[in-house]
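Colleague: Handing you this structure, nothing more for now.
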Amino acid sequence: MSDNTIAPVERFGPEFLQDPHSVYSRLREEGPVRRVVLPAGLQAWVVTRYEDVRAALANPGLHKDFRRYPALFARNTMRAQPGFVHPALVAHMLNTDPPDHSRLRKLVTKAFTPRRIEQMRGRIEQIADELLDAMAGKTEVDLVDAFAYPLPITVICEMIGLPADDLDGFRSWCVTLISGGEPEEIQHAADATKAYLLELIARKREEPVEDLFGALVHAREGGDQLTETELVSMVFLLLVAGHETTVGLLASGTLALLRNPEQFAALRADRSLLPGAIEEFLRFDGPLNMATFRYTDEPTEIGGVLIPADEFVMLALTSANRDAEQFPDPDRLDIRRDTSGHLAFGHGLHYCLGSPLARMEAEIAFNRLFDRYDSIELAGGPESLRWREGVVIRSLDVLPVRLG
């Protein structure tokens with residue numbers, strides 16, 4: 001075990017958000033557990049090797065209790081972090097430790113069953129077809145705006161019972177809360193989101209309906225049920241996580257194929273390769289750059305490095321999935337690769353509950369897209385591609401394509 005506190009601090013600038021892979025490749029060699037300053041000014045430790053990341057994801061010595069976040073943010077950054085102004089938006093199972101996490105996950109799992117997800121298949125196919133119909137006759141589109149975003153956001157909003165007319169407003173709040181902005185903008189988005197969801201809860205209680213939100217409102221386990229704050233936070237989590245990961249998967253998966261035409265041709269020739277290809281898209285450039293915040297409450301060893309108490313630890317999923325020790329020739333897209341054990345959806349206690357939905361949406365979306373178009377090409381150079389700001393979500397903001 002070594003103490004790495006005197007190692008040089010790595011500073012992640014805006015360029016890191018556009019190309020984290022080159023940075024991670026260097027860190028896996030030079031300092032796989034390294035103290036860094038993230039683009040927004042937060043000091044944290046970033047873990048980059050597969051073995052260390054996987055072990056840390058299941059390490060009970062790394063904590064996620066949101067109640068300590070404000071003090072830890074104040075301790076580890078010079079800037080205010082207004083994204084945590086409302087406990088009602090962060091008091092969900094992704095930001096809790098056992099036994100709170102166990103209780104919340106059990107209640108949510110009762111409403112988020114495989115049967116409920118599978119029942120959405122026909123409707124997801126219909127939504128995909130409607131979006132592709134709207135693209136008909138266009139030779140160039142932004143595939144994110146026209147297809148990759150509206151498909152999963154429509155699906156999760158219908159599952160939860162969010163009125164379609166409210167989508168645009170909710171989208172703008174989510175983008176602000178995830179990607180950041182001026183403190184006043186973040187505060188407004190948080191206030192508006194909380195108020196909107198509280199109003200929806202009141203409506204669901206008065207007029208029970210058969211949707212996921214209604215199921216959460218009325219979910220019970222041994223006499224226990226979600227509190228109002230937990231409901232707001234859980235629905236916020238499901239809305240954001242329920243579409244952002246799929247947007248990233250659809251966009252980055254398409255981009256990977258466009259940059260590897262021989263792989264694209266192989267997939268078109270044998271559509272049975274699609275499930276494995278989706279797993280390779282997740283490994284190659286998955287929708288989560290880093291796992292959500294964890295912290296130490298006592299000195300904790302990771303990868304032979306002793307991390308002090310009260311420090312944030314960021315687990316680089318994208319880096320772990322490009323570790324050559326686990327995946328040989330990791331920077332090459334290979335839709336026939338054995339991707340067993342990839343960490344795109346996490347590992348352990350906080351493994352993504354919505355991963356079956358994301359996989360089903362991706363399978364339907366790619367099949368429908370390939371059925372509709374014989375030719376898909378990039379409609380611009382590298383400068384036309386822009387990745388979302390923010391260290392957790394790894395997703396393209398725009399993907400201009402030419403359709404034939």
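Colleague: Taking neighbour counts of Cβ atoms within 10 Å as a proxy for exposure, in what order, fewest first, do VAL47, VAL9, VAL36 appear? Intermediate results must be reported in sequence, preceding the final value.
Modeller: Values: VAL47 31, VAL9 10, VAL36 21.
So the ranking, lowest neighbour count to highest, is VAL9, VAL36, VAL47.
Colleague: Dipole magnitude of region 10-403 about its Cα centre, charges +1 at Lys/Arg Cβ and -1 at Asp/Glu Cβ only, in debye to the nearest 20? Before the final figure, lay out each step's value.
Modeller: Details: 43 positive and 60 negative charges, 137 e Å.
About 660 debye.
Colleague: Please find the FRET efficiency linking ASP270 to GLU210, where r is the Cβ-Cβ separation and R0 is fixed at 41 Å, and quote it to the nearest 0.05.
Modeller: Working: r = 39 Å, r/R0 = 0.96.
Approximately 0.55, to the nearest 0.05.
Colleague: In whole Hz, what ³J(HN,Hα) sequence does region 264-280 give by Karplus (6.51, -1.76, 1.60; θ = phi - 60°), x for Gly and Pro?
Modeller: Values, residue by residue: 4, 4, 5, 6, 5, 6, 9, 5, 5, 6, 4, x, x, 5, 4, 5, 5 Hz.
Colleague: Given the Cα-Cα distance of ARG68 and ASP145 and 0.36 nm per residue of separation, how much length would full extension add, in nm? Present the calculation step by step, with values, prior to reporting the outcome.
Modeller: Working: separation 77, 0.36 × 77 = 27.72 nm, distance 3.67 nm.
Roughly 24.0 nm would be gained on extension.
Colleague: Sticking with this structure for a sec: May I ask for the longest run of the chain untouched by trypsin sites (Lys or Arg not before Pro) that are loop-located per DSSP and have at most 13 neighbouring C-beta atoms (other than their own) within 10 Å?
Modeller: On the way: sites that count: ARG79, LYS138, ARG220, ARG259, ARG332, ARG336.
Result, exposed sites excluded: 139-219.
Colleague: Taking H as built 1.01 Å from N, whose amide H comes closer than 5 Å to the amide H of THR300, not counting residues under 5 places away?
Modeller: Here ILE307 satisfy the definition.
Colleague: Per the helix-only calculation at 222 nm, which mean residue ellipticity applies to the chain, given -39500 (n - 2.57) for every DSSP H run of n ≥ 4 and division by its residues, nearest 500 deg cm²/dmol?
Modeller: Working: 17 runs with 197 residues, N = 404.
Mean residue ellipticity, 222 nm, calculated: -15000 deg cm²/dmol.
Colleague: Starting with the fewest neighbours, write out PHE366, PHE281 ranked by other beta-carbon atoms found within 10 Å of each beta-carbon.
Modeller: PHE366, PHE281
Colleague: May I pose another question? With a/c under 1.5 counting as rounded, go ahead and sort region 185-320 into rounded, prolate or oblate using the C-alpha gyration tensor (a ≥ b ≥ c being the square roots of the eigenvalues; past the cut-off, prolate if a/b is larger than b/c, else oblate). Don't jump to the answer; show the numbers that get you there.
Modeller: On the way: a/c = 2.32, a/b = 1.29, b/c = 1.80.
Taking the square roots of the gyration eigenvalues as a ≥ b ≥ c, region 185-320 is oblate.
Colleague: Something else about it: Check which residues have an amide H placed less than 5 Å from THR292's amide H, if you skip close sequence neighbours.
Modeller: none
Colleague: How far, in nm, would the chain grow between ASP371 and THR227 when pulled straight, counting 0.36 nm per residue and subtracting the alpha carbon separation?
Modeller: Numbers: separation 144, 0.36 × 144 = 51.84 nm, distance 4.53 nm.
Length gained, ASP371 through THR227: 47.3 nm.
Colleague: Moving on to the next point. From the backbone phi of region 307-324, what are the Karplus-calculated ³J(HN,Hα) couplings (6.51 cos²θ - 1.76 cosθ + 1.60, θ = phi - 60°) in whole Hz, Gly and Pro given as x?
Modeller: Once rounded to whole Hz, the list reads 8, x, 5, 6, 10, 6, 10, 10, 9, 7, 5, 4, 5, 4, 6, 10, 7, 5.
Colleague: What list of ³J(HN,Hα) couplings, whole Hz, do you get for region 250-263 from phi and the Karplus terms 6.51, -1.76, 1.60, once you set θ to phi - 60° and write x for glycine and proline?
Modeller: 5, 6, 6, x, 5, 4, 4, 5, 5, 8, 9, x, 5, 5
Colleague: Let me ask something else about it. Can you give me the C-alpha center-to-center distance between region 309-379 and region 101-136, rounded to a whole angstrom?
Modeller: 19 Å
Colleague: Could you give the length gained by full extension between ASP133 and ARG336, i.e. 0.36 nm per residue of separation minus their alpha carbon distance, to one decimal place? Write out the running numbers ahead of the final one.
Modeller: Details: separation 203, 0.36 × 203 = 73.08 nm, distance 3.12 nm.
Gain on extension, ASP133 to ARG336, equals 70.0 nm.
Colleague: In whole percent, what relative contact order does region 10-403 give with Cα contacts below 8 Å and a gap of six or more residues?
Modeller: Once divided by the residue count of region 10-403, the mean separation gives 25 percent.
Colleague: In region 262-291, whose amide N lies under 20 Å from the spot 7 Å out along Cα-to-Cβ of SER22? List them in ranges.
Modeller: Under 20 Å, as judged by backbone N against the label point of SER22, lie 284-286, 289-290 of region 262-291.
Where a number appears in this text, it was derived from the coordinates with a stated rule and is not lab data. These numbers were taken from a predicted model, which means no experiment stands behind them. Quick reminder, even Gly has a Cβ in these numbers, built from the backbone with ideal geometry, and neighbours come from all protein chains shown.
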